[in-house]
1. Considering only residues that are hydrophobic (A, V, I, L, M, F, W, C) and surrounded by fewer than 21 Cβ atoms within 10 Å (Cβ to Cβ), which ones fall in region B:24-54?
2. Can you tell which of A:Val40, A:Val34, A:Val26, A:Val30 is modelled with pLDDT of 90 or more, under 19 Å from the mean Cα position of the chain (by Cα) and over 30 Å from A:Leu73 (Cα atoms)?
3. State all residues of region B:298-329 that are more than 43 Å from the chain's Cα centre (by Cα) and surrounded by fewer than 17 Cβ atoms within 10 Å (Cβ to Cβ); if no residue qualifies, say none.
4. Tally the residues that are hydrophobic (A, V, I, L, M, F, W, C) and at positive phi, restricting the search to region A:222-247.
5. Does B:Thr284 qualify as being closer than 30 Å to B:Ser312 by Cα, touching a Lys or Arg at 6+ places or on another chain (Cβ under 6 Å) and polar (S, T, N, Q)?
6. Kindly check whether there is at least one residue in region A:36-52 that is in contact (Cβ under 8 Å) with a residue 60 or more places away in the chain and closer than 19 Å to A:Ile258 by Cβ.
7. From the residues in region A:111-132 that are in contact with a helix residue (DSSP H, G or I) (Cβ under 6 Å, 6 or more places away or on another chain) and touching a residue at least 24 places away in the same chain (Cβ under 8 Å), which one is farthest from A:Leu197 (Cα to Cα)?
8. Filter region B:65-83 down to the residues that are away from every other protein chain (no Cβ under 14 Å) and surrounded by fewer than 23 Cβ atoms within 10 Å (Cβ to Cβ) and list them by number.
Amino acid sequence: MIHIGDYIEQFINWLTLNFAPFFDAVKVVVESIVNSVEWVLMFPPFYVIIILVAFLAWKRTGWGIMLFTLAGLSLIWGMGYWAETMATLALILSSAFIALLLGIPLGIWAAKNELAGKMIRPMLDLMQTMPAFVYLIPAVLFFGLGKVPGAFATVIFSMPPAVRLTTLGLRQVPKDIVEATRSFGASSRQLLFKVELPLALPTILAGVNQTIMMALSMVVISAMIAAGGLGEVVLKGITQLKIGLGFEGGIAVVILAIILDRITQSFGLKTSAKA
Amino acid sequence: MSKLKIEDLTLLFGHEKEKALTLLKQGKTKAEIFKETGCTVAVKNASFSIKQGEFFVIMGLSGSGKSSLLRCLNRLIEPTSGSVILNKVNITNLDDKGLQKVRRKEMAMVFQNFGLLPHRSVIENVAFGLELQEIPEKERLEKAKSVIDLVGLQGYENQHTASLSGGMQQRVGLARALANDPEILLMDEAFSALDPLIRKQMQDELIDLQEKMHKTIVFITHDLDEAIQLGDRIAIMKDGEIVQIGTPEDILTNPATDYVSSFVEKVDRKSIITAGSLMFDKPTVAIYLKDGIEGTLRKMRTSGLTTLPAVSIDKHFLGFVYLRDVLEIKAQGEKTIKNAIIKDVPVAYADTTVEQMLPFIAENGRVVPVIDKDTHKLIGVVAQTSLLIETTGINWDHGTESPIDKIHKEII
């Protein structure tokens, strides 16, 4: 018998024991990010948020999605899940933000450095294929129960597309443009910021969209460690066999997903149409 | 004075470059080197120097190593050995900062596929080189604007480059290179991706621009016609080696190898051969106020010609005199040939091409007078026979059997 589990357990315990101050610091930072986003979303009256999101949807996509946004968010409010939805949205946006903050630079590194690329790829495969529930255990050990371990698990699960699509986008920049840029004496910084990133932007934005959607798919799972929000509603429906409650929470998640997907997708499309 | 000097430059692709280099020095062939080391010889011992203000063309077929050689000049590809000396500085020894400076200030490049930034407007593309030098925005846009006017892109400043035609895109590429005000312009098959008509137009415009700018230009092409039209000197490359360097006329008249002559045969000579190289410089002429009618008739009798060019005593071309007219005015009792001179005739200059002289071929077999551009003095005449021979495209000099020889063989 090979007890890999034992080793991993020992490793996690060792991390928990020796890096407690570090995890505490991370917890404070992440918690304040999630809480401030939630505060921003909960502070104005619900109709202000609905109008703002609908306006954004109209600006980016058009009438159809705007009407859907108005109707969908009003329905959520009507069902009485406004606070839960905003809590979920705050958790998703904060997690996606952190995932992008880590993922995009990693993606750049993987594109620029062949060795880094070779090392990062299997890690991404692991992060994406490992059942998401598995992340919950170390998350709880590191951060206890609540929003922070939820965000931790969500970040790990949603980061791979950001890394992958950033790398892909940079690799797809035409070689002749890179060569021309170098021939005019560009430093590697100038090459990256003035040419490669702008040209890779549509692909990177597709990665942003994917990251947000992956984060959304973690809603119910992270509710198992008391991350709260809509996930908790659905989870209650499952554990108490309340079909209606489960569906109400589920519908709210779907509405949120469609709005987020269409709006974030529009950024990628608009940019590529321009190029 | 030489501006850019390339000494013994060799470029190898592959892993065992050191070993391949030693083999190359021992005189092994490309095929042997590839077999032993797996290295490809892209450029082999290239040496040449380019003068200040010279238009230098490197011509070769695809795979001849010409584009790789060009990229060694600004080290987009690192040469395996040898040196590139610009203004007495060996570029191959420069560190990153030094190389960056050379690329920003001294050498700018124009690419076959343009290499423009699709997310930027025309003027932002043109100003890109200056932006990399961190020149303030106002200044670089002003500079870009003036170059845009120079290459004929006025009115296109704010368009996206993707919406432009190939010719217009390459103007942007050229403008981007010129905006840096480089000493040396590297042009990699700059016009090869363009339609023939647009290409011709761009070539002409480049020649005009070069007359104003006097840049040192290194131009790569696979087209000998283009090389001959543009180049002050041409280097012909084959399999990574330079097989001949010379002026277009040198290359056309004395091809160094069979390879070069096989190219030269295909060249459209009509647009290259000039009146200057075809003319007789001591034609029989009637000299007004000196020869008189009797003198003119005597010259016609001795030369067997019924038409003579008429010139003044200081050799200014006046027109033609025809035997018939001279006899007519003689009968009227005139003394000078003044009234027999026909003034309304076409003339050529020394640099007029055969192609341009074709419309002058007339039924009466008159010669084409060649006059000096500035003084308008007659410097020679081109016989219509010469024009006809050049236009038929039969190359008498390079071993082609003439039709007469053939007839002789068959009959005699």
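The values are calculated or read from the model by the stated rules, or taken from the named source; none is laboratory data. Source: prediction; values computed, not measured. As a convention, Cβ positions derive from the backbone with ideal geometry for all residues, glycine included, and neighbour counts pool all protein chains shown.
1. From region B:24-54, those hydrophobic (A, V, I, L, M, F, W, C) are B:24, B:31, B:33-34, B:39, B:41-43, B:46, B:48, B:50; that's our starting set.
Residues satisfying the conditions are B:Ala31, B:Phe34, B:Phe48.
2. On the way: A:Val40 fails: over 30 Å from A:Leu73 (Cα atoms); A:Val34 fails: over 30 Å from A:Leu73 (Cα atoms); A:Val30 fails: over 30 Å from A:Leu73 (Cα atoms).
Result: A:Val26 is the single residue among A:Val40, A:Val34, A:Val26, A:Val30 that is modelled with pLDDT of 90 or more, under 19 Å from the mean Cα position of the chain (by Cα) and over 30 Å from A:Leu73 (Cα atoms).
3. B:Arg298, B:Arg301, B:Arg324, B:Asp325, B:Leu327, B:Glu328, listed by residue number.
4. Residues that pass the stated criteria total 2.
5. Details: closer than 30 Å to B:Ser312 by Cα: yes; touching a Lys or Arg at 6+ places or on another chain (Cβ under 6 Å): yes; polar (S, T, N, Q): yes.
Yes.
6. Start the filter on region A:36-52 by keeping residues that are in contact (Cβ under 8 Å) with a residue 60 or more places away in the chain, which leaves none.
Looking through region A:36-52, none of the residues is in contact (Cβ under 8 Å) with a residue 60 or more places away in the chain and closer than 19 Å to A:Ile258 by Cβ.
7. Initial filter on region A:111-132 (in contact with a helix residue (DSSP H, G or I) (Cβ under 6 Å, 6 or more places away or on another chain)): A:111, A:116-117, A:120, A:124, A:127-128, A:132.
Those still in the list that are touching a residue at least 24 places away in the same chain (Cβ under 8 Å) too: A:111, A:117, A:120, A:124, A:127-128, A:132.
On the way: A:Ala111: 11, A:Gly117: 17, A:Ile120: 20, A:Leu124: 21, A:Met127: 25, A:Gln128: 25, A:Ala132: 31 Å.
Checking each candidate, the answer is A:Ala132.
8. Applying the first criterion (away from every other protein chain (no Cβ under 14 Å)) to region B:65-83 yields B:65-66, B:69, B:79-83.
Within region B:65-83, B:Thr80, B:Ser81, B:Gly82, B:Ser83 qualify.
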